[in-house]
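Have a look at the structure below before the remarks.
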Amino acid sequence: MTTATQTLSIAFGDTVRMPIHFDDLDAMGVLHNSRYAVLVERATALWWTEHGVSFSGGRPTTPDAFNVVREYGITFHRPVTGTGDITVHFWIDRLGTSSAEYGFRVTSLDGATVFAEGRRVNVRVDRATMRPAPWTDQGRRIAATLLRPDSAS
């Protein structure tokens, strides 16, 4: 990952360093629960953009950029207090014909503290029909670099 400095050693997937801004915090000064989904979304979007899968001028750069979140689940372990940077570690647990099941962790920069962890499922859809569509061969090759070693593909 070149968008942000990798801050911890990982065995699979990738990491993106993400900022926590003052407006991400709730009245108690901790990261609001809804912001975790945004952080994971932005981290994975940055990663895919670096690999040529994004939107430009409101249009997808490849068919694989046109995908939606089908499921999202998260478990919170410790609060993120105040502003500063955190790390989003993400990987793919399963790559289906038209879906990708991600695992993720939101951690301290050194990875010692896991603030939250969860999963999210994205489904590639056809722009015209809005129905599930297979990932392209190129998209599958790119996604394969995120596969956890004991994952299904």
message: Yes or no: region 65-73 includes at least one residue that is in a helix (DSSP H, G or I), at pLDDT 95 or above, touching a Lys or Arg at 6+ places or on another chain (Cβ under 9 Å) and under 24 Å from residue 20 (Cα atoms).
response: no
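Looking at region 123-132 only, could you name the residues that are part of a loop (DSSP other than H, G, I, E, B) and farther than 12 Å from residue 65 by Cα?
At the first step, the residues of region 123-132 found to be part of a loop (DSSP other than H, G, I, E, B) are 126-131.
128, 129, 130, 131, listed by residue number.
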message: Among the residues of region 78-90, are any in contact with an Asp or Glu (Cβ under 9 Å, 6 or more places away or on another chain), part of a strand (DSSP E or B), in contact (Cβ under 8 Å) with a residue 24 or more places away in the chain and over 15 Å from residue 42 (Cα atoms)?
response: no
- request: Could you list, in sequence order, all residues of region 126-139 that are among the aliphatic types (A, V, I, L, M) and buried (at least 17 other Cβ atoms within 10 Å of the Cβ)?
  value: 133
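Run down 34, 56 and say which single residue is of a type in the set (Ser, Thr, Tyr), farther than 25 Å from residue 141 by Cβ, surrounded by fewer than 18 Cβ atoms within 10 Å (Cβ to Cβ) and free of Cβ contacts under 8 Å to residues at least 12 places away in the same chain.
34
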- request: Count, please, the residues in region 75-94 that happen to be of a type outside the set (Phe, Trp, Tyr) and surrounded by 16 or more Cβ atoms within 10 Å (Cβ to Cβ).
  value: 8
task: Determine the pairs where a residue that is without any contact (Cβ under 8 Å) to a residue 40 or more places away in the chain, located within region 103-126, has a partner that is among the charged types (D, E, K, R) with Cβ atoms under 9 Å apart, the partner being 6 or more residues away or on another chain.
output: 105/117; 113/78; 114/78; 114/105
- request: Looking at (1) more than 23 Å from residue 135 (Cβ to Cβ); (2) part of a loop (DSSP other than H, G, I, E, B), find the lone condition where residue 53 falls short.
  value: (1)
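The values are calculated or read from the model by the stated rules, or taken from the named source; none is laboratory data. Everything numeric in this text was worked out from a predicted model, so none of it was measured. Note: ideal-geometry Cβ built from the backbone for every residue, glycine included; neighbour counts use all protein chains shown.
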